[in-house]
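Undergrad: Take a look at this one; I'll ask things after.
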Amino acid sequence: MPGLSMPLTSYIQDAELLPLAEKLQRGERLSFEDGMLLYRSPDLTGIAAMAHSVRLARHGRKAYFVTSRRLSYTNVCYTHCQFCAFQAHQEDPKAYVLSVEDIVRELENPENLGVRELHMTAGHHPKLKIDYFESLFRTIKTHFPDIHLKVFTMVEIDFYARNSGISVEEFLDRCIAAGLESCPGGGAEIFDSEIRKQICVGKKDADTWLKVAELCHQKGLPTNCTMLYGHIEEPHHRVDHLLRLRDLQDRTHGFLAYIPLAYQNEDNELSRTHHILPATGTQDLREIAVARLLLDNIDHIKAYWVMITPGLAQIGLSYGADDLDGTIVSEEIAHQAGAKTPPGLSRQEITRLILDAGFEPVERDNLYNTYPVEP
Ligand code: V47
């Protein structure tokens, strides 16, 4: 990480943070204890100053976004995560599976004109196997060769490989050959096993998520990574989670971006069994800043407007984030769990958010190739 030139210490009120600022100025890595302090300190402005300095050193005033389309090919899921409001059982009237033709028809819809990234994640459907995905990816790539295919959480890869009776390696090789180009970062939740037992009993463990991510990276398939915060976890679970991501990134350099996911607390089992208040604005901003400071080897930190609102995501650009994700068009996972944000934003709306916050909008694809943004 490059050293910093700003006199950071002048922004810091909490003297406990000064050694962290000095470490950053020397280009040194922060520790587990430093991470705990970042969650404990009341001096959010000081933390923001450090995160913003790191962000400026890495990206200047650039703020990235993508013209994207979000789709979930099925909501049928037999994993049963307690925080999820999207899942359905096969017999449920709201259960659906999109056919290859449905997805092609959807992409032909004029509202998807100019889409550079198709981001697809979904449930664990017991009837879908490798041939569905091969056919889906080949057909999309034939009809829309310019759309980047960003599909599957690590747990979907693990599930659909087993469901197809093949190894994860073979599943990945066949999907890559059919057109898969990267993977979203979801499904990581919180790596701590005791918390997982309470929020996603039955879901594969942290080691599986990390092992599949490592395999993807070894095969040259970049992925993103996430953390679900603001439910029953404690700060030490979050620091542990972030440092496990950082350790893997040291080995593979395969993570493109990290996205903190704010727990949406409606219409799911966790919200029925626990009284969990939604994260506040400062908590959302702190998550972005802490990630920027601890994840010194992951280039891009997203402020995900769907879960924290466009206005707060815009402010997140000054708390360490360099990316506002994308236009999305339609989103189900957060909205079914109570997100009150719009289903999508136009390119003009995202550009305006970035310009108003004093940053330079840069349109990108999922591999961070960039494209000119017309005024
Ligand atoms: O996998 C599910 C999480 C993920 C809830 O890679 C919930 O660019 C909050 O992965 N409250 C889907 N979160 C979103 C996701 C994502 C988002 C933006 C960008 C990228 C990227 C990835 O959301 C799921 C799960 O981990 N989730 N339910 C909920 N109630």
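The values are calculated or read from the model by the stated rules, or taken from the named source; none is laboratory data. Computed from a predicted structure; not experimentally measured. Backbone-built Cβ (ideal geometry, glycine too); neighbour counts: all protein chains shown. The area values use the complete protein model at the heavy-atom level, side chains included, leaving out ligands, DNA and RNA. Shrake-Rupley method; radii C 1.70, N 1.55, O 1.52, S 1.80 Å.
Undergrad: Relative to the longest principal axis of the chain, what angle (0 to 90°, nearest 10) does the C-alpha long axis of helix 44-59 take?
TA: Result, in degrees: 70.
Undergrad: Oh, and also: Rg and Dmax of region 8-54, using alpha carbons, in Å: what are they?
TA: 9.4, 25
Undergrad: Now for a different question. With r as the distance between the Cβ atoms of Glu33 and Thr9 and R0 = 22 Å, compute the FRET efficiency 1/(1 + (r/R0)^6) and round to 0.05.
TA: For R0 = 22 Å, the calculated efficiency reads 0.65.
Undergrad: When only the heavy atoms of the protein chains count and the probe is 1.4 Å, how do Leu295, Leu18 rank by accessible area, highest first? Don't skip to the answer; put the middle values down first.
TA: Values: Leu295 0, Leu18 55 Å².
Sorted descending by solvent-accessible area, the residues read Leu18, Leu295.
Undergrad: Have a look at region 61-371 and give its Rg and Dmax from the Cα atoms, expressed in angstrom.
TA: Taking only Cα atoms of region 61-371, I get Rg and Dmax of 18.0, 52 Å.
Undergrad: Considering only the other residues whose Cβ falls under 13 Å of the Cβ of Thr139, what net charge follows from Lys and Arg at +1 and Asp and Glu at -1? Don't skip to the answer; put the middle values down first.
TA: Values: positive: Arg105, Arg138, Lys141; negative: Glu101, Asp102, Glu106, Glu108, Asp131, Glu134.
Summing Lys/Arg as +1 and Asp/Glu as -1 gives -3.
Undergrad: By how many degrees, between 0 and 90 and to the nearest 10, does the Cα long axis of helix 235-252 differ from the longest principal axis of the chain?
TA: Value to nearest ten degrees: 70.
Undergrad: Using Cβ-Cβ distances only, list the Cys residues of the chain with no partner cysteine under 4.7 Å, sorted by number.
TA: Lacking a cysteine Cβ partner under 4.7 Å: Cys77, Cys175, Cys183, Cys216, Cys225.
Undergrad: Give, as a single signed number, the net charge of other residues whose beta carbon lies under 11 Å from the beta carbon of Gln336, with Lys and Arg counted +1 and Asp and Glu -1. Walk me through the numbers before you get to the answer.
TA: Details: positive: Lys94; negative: Glu266, Asp267, Glu331, Glu332.
Neighbour charge sum, excluding Gln336 itself: -3.
Undergrad: Could you provide, to the nearest whole Å², the per residue accessible area of the chain with probe 1.4 Å? Mind dumping the intermediate values first?
TA: On the way: 14740 Å² over 375 residues.
Heavy-atom SASA per residue in the chain reads 39 Å².
Undergrad: Taking just the C-alpha trace of region 238-375, give me its Rg and Dmax in Å.
TA: Both quantities, over Cα of region 238-375: 15.6, 49 Å.
Undergrad: How big is the accessible area of Arg116 in square angstrom, nearest 10, if you roll a 1.4 angstrom probe over the protein chains?
TA: Roughly 60 Å² of Arg116 is accessible to a 1.4 Å probe.
Undergrad: Do any of Lys150/Lys302; Lys62/Lys219; Lys203/Lys340 go past 18 Å between their Cα atoms, and which?
TA: Details: Lys150/Lys302 16 Å; Lys62/Lys219 30 Å; Lys203/Lys340 27 Å.
With Cα atoms farther than 18 Å apart: Lys62/Lys219; Lys203/Lys340.
Undergrad: Something else: So, taking all protein chains as they sit and a 1.4 Å probe, how much accessible area belongs to Thr45, in Å² rounded to tens?
TA: Rounded to the nearest 10, the figure is 100 Å².
Undergrad: In terms of solvent-accessible area of protein heavy atoms at a 1.4 angstrom probe, what is the ranking of Leu37, Leu256, highest value first?
TA: Details: Leu37 15, Leu256 35 Å².
Largest accessible area first, the residues go Leu256, Leu37.
Undergrad: With an 8 Å Cα cut-off and a minimum separation of 6 or more residues, compute the relative contact order for the chain in percent. It would help to have the intermediate numbers written out before the result.
TA: On the way: 720 pairs, mean separation 80.4, N = 375.
Reported relative contact order: 21 percent.
Undergrad: In whole Å, what is the distance between the alpha-carbon centres of region 311-375 and region 135-190?
TA: If we compute the Cα centre of each part, the gap is 25 Å.
Undergrad: Where the convex hull is taken over the Cα atoms of region 191-306, what is its projected area averaged over directions, in nm²?
TA: One quarter of the hull surface, i.e. the mean projection, equals 7.3 nm².
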